[in-house]
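Written out below as structure tokens is the structure these notes cover.
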Amino acid sequence: MSVQAYGAAGVPEIDSAPTQEVVWHHRHLLDVDALTWPEIELIMRTTDEMKGILARPIRKVPALNGRRVTTLFYEASTRTRVSFETAARNLSADVVSISTATSSVTKGESLVDTIRTLEALGAEILVMRHSVSGAPYLAAEVFGGHVLNGGDGWHAHPTQALLDLYTMRQHLPGGDLRGRKVAIVGDILHSRVARSNIWSLTAAGADLWLCGPATLLRGMDRWATAWGDGAIPGHGRFHVTSDVEVAVRDADVVMALRIQRERMQGGLLPSLREYAARFGLNAERVSLAKPEAIVMHPGPMNEGVEIAPDVAVSGRAVITEQVANGVAVRMALLYLLAGAHETGRPHDAHSGEAIR
Amino acid sequence: MSPRAKTTGAASAAGPKVGEVVERFELEKAWLVDPVSGREGPGEIVVRDGVLESVVWLEGEEAQGVTDKGVVVGPGFFDLHAHFREPGFEDAETVASGSAAAAHGGYTTVAVMPNTSPALDDPGVLERIRSASRASGSPVEILAFGAVSAGRAGEQLSAMGELADAGVIGYSDDGAPVKTPKLLRSALLYAGMLGLPVVEHAEDIELTAAAEAHDGYVASILGLQGWPAAAEVNAVSRDLGVLADALADEPRARLHLTHLSTAASLDLVRRARAAGLPVTCDVTPHHLALADEWIAGSRRWSWEALSADGGSRDPWADGALTAWPYNTSLRVNPPLRTAADAAACLAALLDGTASAVVTDHAPHTVVDKEVEFGRASNGISGIETALGVLLALVDAGKLSLAGAIAALTTGPAAIVAGWPAAAATPAARKRGLTEGAPADLVVFDRADRWAVTEASLLSKGKNSPLIGRELSGRVLLTIAGGKLAYEDPQA
Amino acid sequence: MTDRQIMTGEEIRRAIVRISHEIVEKHAGTDGLAIVGIQRRGVPLAKRVAAAIEEHEGVRLPVGALDITFYRDDLSLVAQQPIVKGTDLPFDLNGTTVVLVDDVLYTGRTIRCAMDALVDFGRPRAIRLAVLIDRGHRELPIRADHVGKNVPTSREEIVKVHVEEVDGSEEVTIGRQLRAGEPAAGRQ
Ligand SMILES: [Zn+2]
């Protein structure tokens, strides 16, 4: 429950809050690129309410009573799945859980057939995690209900970006990211978290810096260059560097991304040891950031590789807050999507018009 | 059909059926294009008993009101690169359905690629294709490339000599490059000895492993694994180096590089040709007209996506994304490149570096395409839309009408004429509006736009990114070798 | 549609003052009493009731706001998800007597949702209900303890309470619904 300012009569000034009416029209949430800034703010406000629910003695409301949320995970990710399922249960939804281990996916059934089957079985909201970029767009084309992207390939992880944004706003004065320096350090190339964060943080007006070894930054330079002169309506510029000190210095937020062992086999990194030495977030590097800076990580962490153990448990780390906020953000999105009966324009995702 | 046109056939009063000799067809006041003589203008044609009996060029008052914006007559088109999937993949296409689609696209001659199952690596497979063509009743002439390697496995040479005797017009492991430079050298030498070319799909497959889309701005944003331009440049430079080497031993060695897609690789070919290497190349309609931004949901032509400085515009900045992203009909090999690369393909066509437009018609079933983008089969079903795409270039003032028709007729024929053993074949000679020869022509109406829909495509492959769009130049009539190949049902 | 005024601003003010007296009278004092407005127009009305009680009793009662959006049973019927306005109950509910305040009592479903929501925050000793307008047509066994004005209506009519804080004016109007598919009541 949020603390409200008290007015002259000693009653909360609830109605004095700015109440810009935003209508939520997205039937699916496939990436943050489809969201306008007022829509992102609506998600943030709705998340506030969900945080309120999570602070109550009874952390459950009947908002989605009788609605069916199905999680379809083609990649194992217990933490993300549990977060979505907790969110759905907190809203009293019925939850059905499908993973590659239990579905006929392993027997070669196509994604489209799987989705048609789930729809026939009554799925209304489909939370999907898939290793191929763009797979949720295919799902959304064939599914009659709502698709909520739980991460696709290298492309997007919108709920992660939104919970990251929410967490940053909690820690910045006035919840305002404009001009605040955010450094994301790690494997940018393969990261759906980084890509979605580019959309949301440049919309929020943050001074975003992406950092990693050149092999894991491929393509990001030309992206940053293309956006450099404010070309994209509603989105600011961002920076790319392989110099971790430049990225972290005076940052308000420092985020580390997971480094996967496969990158060594792919010839992209000499060794994890070398990565940790040159790019790992250790106490010394974090000390270059602002004194009140927060340290984030989308998890799961490789402590000692991209983040030093003492940094991960330091007072600056908000990693467990991210996890808690994840449930609230996902509740907010499930709630908003469930009410969007009218289909948005079929191409609302990626539409230039739709970007703010 | 124009009200002044009249088609009659042998068997029925209602006009000939597909495969029947066109007994009589007259067309008054159309725009004739003859890329052999280089002449175009108002004219009339008469076909009698399958022969192009007369070609009359109109002048003065008679020519009044006839423009190149209406009904056009040109020679039947020649596709140097198509996949008809038979034998082995008849769910995707057959020789019969492919021939029908070709005729609907204005084609009268099609060279099919050997990546069938079994691969066309011995004369028996060629005979199956020929008998399927005969059984189809379609008069569209089917030519074939044999495989370079047995089973297209890249290990040993196919039955090249027997295939030459059976009538293949060259060799290719298309779908993939010839596996090793060593095998390529052998193939160039042996094929050169036989007077035939190696047609190479230029791709460094190590650089494209798991690749999904052109390695560029669009792929970066969409999180698609990059398919670098370097993969094509590497392969082309390998191929040119091996060709130069082989020529020292066999001066009749010939290399044709098909579906080139990048500015850099086309530039390599331009320089190699200037240096006198016997290398030719072609480009496809989709690499000319579409760019990688289509995968993000853009639907503007490549020349509309070009910035003033010759670079690519940003579809996100332009608000140009109007379609659902990750459409698998756009997954193709080589991938759609940038608008600047598309402009380079056009420049290569205009300066003669690339002398032909080929469709790389690659039909696929829904099962192979209604999947995740990265798991979809590569290929575009394009033999029915090639003319419309080239006419869009013509409409935009990027290409002349005569240039477009030449790229579909005399261009490919001239390439084949450069292959010693194929030079004497009809495919290399015809492609003009020649009086007294068997009628081989297409009639289309530039003023008549047609909607590309699944139903409008005769190919079994509905994997066209142009579905939902209108193209100009509805084909009204295609006559192949004097026989009716296609007639618009509303004509 | 022509809206007819059924209460003026002055009549609203007098109704609030009367309700405030009734509440104290019924409770036999102000001990353990809390006022909770239902978002959206119930909230300013609750504040006014509390202010009126402070005026005549000299006691500042705790006031809260209750958003019942997540408790509605008609979410699947509405075209767009309602925007959440916020719940704020800055006091311990346990053992208090909560007076729920709303503008219009109609089917009773809003009040049922409000009671569901309230008990998720704690266990009040009692819940009472005060409304500015009771327009009839109850679908649930719910009755208001304090009513500003009883207004007999037909189901096709719309009762609309305007309050300065939300609407910029003070009055209650009644009108007839024009189109099918519009919500049957002024709110919800
Ligand atoms: Zn190929």
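Computed quantities for the displayed model
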read-out	value
Shielding score for A:220-226, defined as the mean number of other chain Cβ atoms within 10 Å	3
Beta bridge orientation in chain C: antiparallel %, DSSP, nearest 5	35
For chain B: relative contact order, % (alpha-carbon pairs under 8 angstrom, 6 or more apart)	20
Cα centroid separation - the stretch A:266-284 against the stretch A:155-199, whole Å	22
Diffusion constant of the stretch B:75-428 at 25 °C, which comes from Stokes-Einstein with the Kirkwood Cα-pair radius and 0.890 mPa s, µm²/s	123
The protein assembly as shown - share of DSSP beta bridges that are antiparallel (%, nearest 5)	40
Kirkwood Rh and Cα Rg combined as Rg over Rh, evaluated for chain A	0.96
Shielding score for C:59-70, defined as the mean number of other chain Cβ atoms within 10 Å	4
Alpha-carbon spread of the protein assembly as shown, three principal axes, descending order, Å	115, 73, 51
Most to least packed among B:365-376, A:305-316 [average Cβ atoms within 10 Å]	B:365-376, A:305-316
Cut-off under 5 Å, modelled amide H: who pairs with B:GLU86 long-range	B:VAL95
Total charge dipole magnitude, the stretch B:221-344, about the Cα centre, Cβ charges on Lys, Arg, Asp, Glu only, Debye to nearest 20	180
Farthest toward positive dipole pole in the protein assembly as shown [+1 Lys/Arg, -1 Asp/Glu at C-beta], among A:LEU201, B:THR425, A:ALA63	A:ALA63
J(HN,Hα) series, the stretch A:209-223, from Karplus relation 6.51 cos²θ - 1.76 cosθ + 1.60, nearest Hz, glycine and proline x	10, 9, 9, x, x, 3, 5, 9, 10, 3, x, 6, 4, 5, 5
Axial C-alpha extent at least 30 Å, average Kyte-Doolittle at least 0.0 - helices from chain A (DSSP)	A:319-339
Residue with peak Gaussian network fluctuation, chain C [Cα springs, cutoff 10 Å], from C:ASP145, C:ASP167, C:ASP103	C:ASP167
Sequence-distant lysines (8 or more away, or on other chains) whose Cα lies within less than 19 Å of B:LYS69	B:LYS29, B:LYS398
Contact order normalised by residue count of chain A, Cα under 8 Å, 6+ apart, percent	21
Cα convex hull of the stretch A:256-328 - mean projected area over all directions, nm²	5.3
Cross-link partners of C:LYS85 among lysines (Cα-Cα below 30 Å; sequence separation of 8 or more within a chain)	A:LYS51, A:LYS60, C:LYS47, C:LYS149, C:LYS160
Share, in percent, of DSSP beta bridges within the stretch B:75-428 that are antiparallel, nearest 5	10
Cα-based Rg / Dmax (Å) for chain C	16.0, 49
GNM flexibility winner over chain C from C:ALA117, C:ALA46, C:ALA65 (Cα, springs under 10 Å)	C:ALA117
Peptide B:213-219, shielding by other chains (average Cβ, 10 Å cutoff)	3
Under 17 Å from B:LYS483, Cα to Cα: lysines that are on another chain or at least 8 residues apart	B:LYS6, B:LYS17, B:LYS430
Long-range HN-HN contacts of A:TRP154 with modeled amide H, under 5 Å	A:SER133
Sequence-separation-based contact order of the stretch A:156-261, relative, with Cα cut under 8 Å and 6+ spacing, percent	33
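Read-outs: derived from the displayed coordinates by stated rules, not from any lab. A quick note: this is a predicted structure, and the numbers were derived from the prediction, not measured. For neighbour counting, all protein chains shown are included, and Cβ atoms are generated from backbone atoms with ideal geometry for every residue, glycine included.
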